[in-house]
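The values are calculated or read from the model by the stated rules, or taken from the named source; none is laboratory data. It should be emphasised that the depicted structure is a prediction, and the values quoted were computed from it without experimental measurement. All Cβ positions, even for glycine, are placed from backbone atoms using ideal geometry, and neighbour counts span all protein chains on display. All accessible areas refer to the heavy atoms of the entire protein, side chains included, with ligands and DNA or RNA removed. Shrake-Rupley method; radii C 1.70, N 1.55, O 1.52, S 1.80 Å.
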Amino acid sequence: MDNLICGRIKLYPVCSFSNGKQKSTLFSALSPTFTRGVFIRRSTSLARGWDSFTCTWSMRSSNSFSSFAASVQPLEASTVEHFENTLPSDEILEVWRNANVVCFDVDSTVCLDEGIDELAEFCGAGKAVADWTARAMSGSVPFEQALAARLSLFNPSLSQVQDYLEKRPPKFSPGIDELVRKLKDKNKDVYLVSGGFRQMINPVASILSIPLENIYANRLLFGSSGEFLGFDANEPTSRSGGKATAVEQIRKAHQYSSLVMIGDGATDLEARKPGGADLFICFGGVQLREAVAAKADWLVFSFKDLINSLD
């Protein structure tokens, strides 16, 4: 482990939630106590010859952690009624129940917020970056263009990212932990396929007991002094169509016969193509992007719908 820099960051308890149709309920979820090590490995084989650092995370957790409820505002009935894909057909349910693997988007799906927006707000550039995120998720601009533009607005340093991770633990969508557990109980593999950053998604995966090798996401690059250098353009999720590429890679590598993609944005919808996802489930419980929702095989507003449909 040459040129390894190791730092310790205290991770505060992470919020986890569960809710019914219109109200939240309190439940016991995952792990209360974590020790997180930040391992920064020197890399000299990155694009453009950058001599940079990348971060990986390891976590140790105990068996349970205390959680608290969060209110989730129900959508207006009129918002839901004009969608025709909120009730799945028998064929869609069959694909969902028999899938070998389920891939989740992270921002506004597994988690309640858009990670890059939250990091930008923490660094003082929240509004400008959020505007770009909205354009990227609607599909109105190429993802790689929006990603580069957003990062250029605040150029986060390694120390800022570490500080953010310490002070802003992940906020999970209601029911996601129960859904992941149930999928695993039914011998389905679970992946996180995200346009967000590994440095911020690795803790999410560890809390949900998803193997870190099951993450397909972008990577922030830092120089020897922790200065921001950019992002790794070799990651498939760094560009438009990248989630489709990632899903194809997952499918081919493990010879999965049936794969489902769950997310909220246009980049998630792109994964629904020949050789990619057999089924795209749009999760509208955090952000409802109508252009994406209308094209989904199945539109859900609560993970409870997916949990119950597995029985």
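Note that the stretch 240-311, at 37 °C in a medium of 0.692 mPa s, gets a Stokes-Einstein diffusion coefficient of 263 µm²/s from its Kirkwood radius over C-alpha pairs.
Of Lys167/Lys295; Lys127/Lys182; Lys182/Lys243, which pairs sit farther than 27 Å apart, going by alpha carbon to alpha carbon?
Over 27 Å apart, Cα to Cα: Lys167/Lys295; Lys127/Lys182.
On a per residue basis, the stretch 85-124 carries 38 Å² of accessible surface, using protein heavy atoms and a 1.4 Å probe.
Sorting the segments 193-205, 254-266, 231-243 by their mean number of nearby beta carbons within 10 angstrom, highest to lowest, gives 193-205, 254-266, 231-243. Remark: spin-label model distance Ala253-Lys295 equals 2.6 nm, labels positioned 7 Å along the Cα→Cβ axis. The slack between Arg168 and Ser138, meaning 0.36 nm per residue of separation minus the straight C-alpha distance, is 8.2 nm. Once the Cα-Cα distance is subtracted from the 0.36 nm per residue extended length, the His82 to Asn234 segment shows a gain of 50.7 nm.
In a DSSP loop and with at most 16 other Cβ atoms within 10 Å, the GluC sites (Glu not before Pro) in the stretch 202-280 are Glu227. Toward the positive end of the charge dipole of the stretch 126-285, about the Cα centre and with charges on Cβ (Lys, Arg +1; Asp, Glu -1), which of Ala146, Ser224, Gly285 goes farthest? Final value for the positive-end residue is Gly285. Please list, by residue number, everything in the stretch 164-191 whose backbone N is under 18 Å from a paramagnetic label point 7 Å out along Cα→Cβ of Asn308. Hits in the stretch 164-191 for Asn308 at 18 Å: 174-180, 182-183.
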